[in-house]
Amino acid sequence: MTEFDDGLRSLVANMFDTMEAAPGVGLAAPQVGVALRVFVYNWVDDDDVLWRGVAINPELWISPTAIGPADEDTESEGCLSIPGERFPLHRADLAILTAVDLDGTPFEIRAEGWLARIFQHEYDHLDGILYADRLEHKLARAAAKAIRKNGWGELDIAWTPGVDDLEG
Ligand code: ZN
């Protein structure tokens, strides 16, 4: 993407609104039907530092990921594209994000812990990968069942955070 214009600004503003209404800690453009390599994030870490921004045309370097079963208490993540479900998944502890902002200015963030997880999750969306695709076999089957049951991913079924009642 090369057009850093008003269209991109309003897309990003809408993505922040949608993420906050959900509420979620991240949102990628493909989740709102836009095929651009853009994601937004909003996360307060354990030291009360706010991590909030937009990553355009990002690249992500990650440290090696652990193998074996993931911990349900500390490694469960969810996704606005698979609402109401959470499954545990190993992610790399360290991620280095390089991207440009709305002005086209490059930046780099060294992320650890949950912020690193958010970056990996959102970055995957840009390649059409859901966290459910990365789950171990048994959990992947449970996730696929939930997705099928609710019809998530079908073109005519969508929900609008803050507008539609998920339980309804
Ligand atoms: Zn997601």
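The values are calculated or read from the model by the stated rules, or taken from the named source; none is laboratory data. Fair warning: this is a prediction, and the values are worked out from it, not measured in the lab. Backbone-built Cβ (ideal geometry, glycine too); neighbour counts: all protein chains shown. Just so you know, the surface numbers come from the protein's heavy atoms only, side chains and all, with ligands and any DNA or RNA stripped out. Shrake-Rupley method; radii C 1.70, N 1.55, O 1.52, S 1.80 Å.
Here each label is just a point 7 Å from Cα along the line to Cβ, and for E75 and D6 those points are 4.8 nm apart. Computed FRET efficiency, Cβ-Cβ of K149 and I96, R0 30 Å: what is it to the nearest 0.05? Once rounded, the FRET efficiency stands at 0.20. Give me log10 I(q)/I(0) at q = 0.21, 0.24 Å⁻¹ for the range 1-64, Debye formula, one equal scatterer per alpha-carbon, no solvent. Scattering profile of the range 1-64, log10 relative to I(0): -0.90, -1.08. On the chain, 51 percent of the accessible area sits on carbon and sulfur atoms, based on a 1.4 Å probe. Assuming charge only on the beta carbon of Lys and Arg (+1) and of Asp and Glu (-1), the dipole of the chain about its Cα centre is about 620 debye to the nearest 20. A 1.4 Å probe run over the chain, with the rest of the protein chains in place, finds 58 Å² accessible per residue. Counted over all Cα-Cα pairs of the chain, pairs farther apart than 22 Å make up 43 percent.
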